[in-house]
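Derivation of every value follows stated rules applied to the coordinates shown; laboratory data play no part. Just so it is clear, the model here is predicted, and its values are computed rather than measured. Cβ sites come from the backbone with ideal geometry, for glycine too, and all protein chains shown count toward neighbours.
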Amino acid sequence: MSLKLLKRELEKELEDLEHKKAKTDDRKVKKKKKVAKKDGFVFNDKDYSKEEDYTKECLRNIGLMDSNVHVKSDKIIEHTRKLKRQTEPEVAEDSTSGSVFTDEDFDMVSKLHFVNSNKKAVFVDN
């Protein structure tokens, strides 16, 4: 809570207490209310033409905060490269990943199924 709010609550409590003590004497309560009103409003006397320079203090505070932080950007850079597809995907080379067919089998299939091929394939039963 702010200081003004606490002060106002205290003043209210004091006014209530005095009001209970002296119900017949209204002058005391009125005087207290008038004093409270005088303290309630304050003109702003700050001179805004003068600006204070906090540059050195701010730079010192930033330097203190910056020295506490340790940033590693390896994971971030790796993630962005994957998103932008700048790295080639890792391919595991297995000996079983080769084709079962030979080059001769591919040549024979291409001769059978392509219309523009010059030579026609001939089946030979072994």
Task: 3J(HN,Hα) from dihedral phi, the stretch 54-61, Karplus parametrisation 6.51/-1.76/1.60, rounded to Hz, x for glycine, proline - done: 9, 4, 5, 5, 5, 5, 5, 5
Task: Residue-wise HN-Hα coupling along the stretch 64-74, computed from phi with Karplus coefficients 6.51, -1.76, 1.60 (Hz; x: Gly, Pro) - done: 5, 5, 5, 6, 7, 9, 10, 10, 10, 9, 4
- [ ] May I ask for the net charge around Glu88, where only other residues with Cβ less than 12 Å from the Cβ of Glu88 are counted and Lys, Arg are +1 while Asp, Glu are -1?
- [x] +2
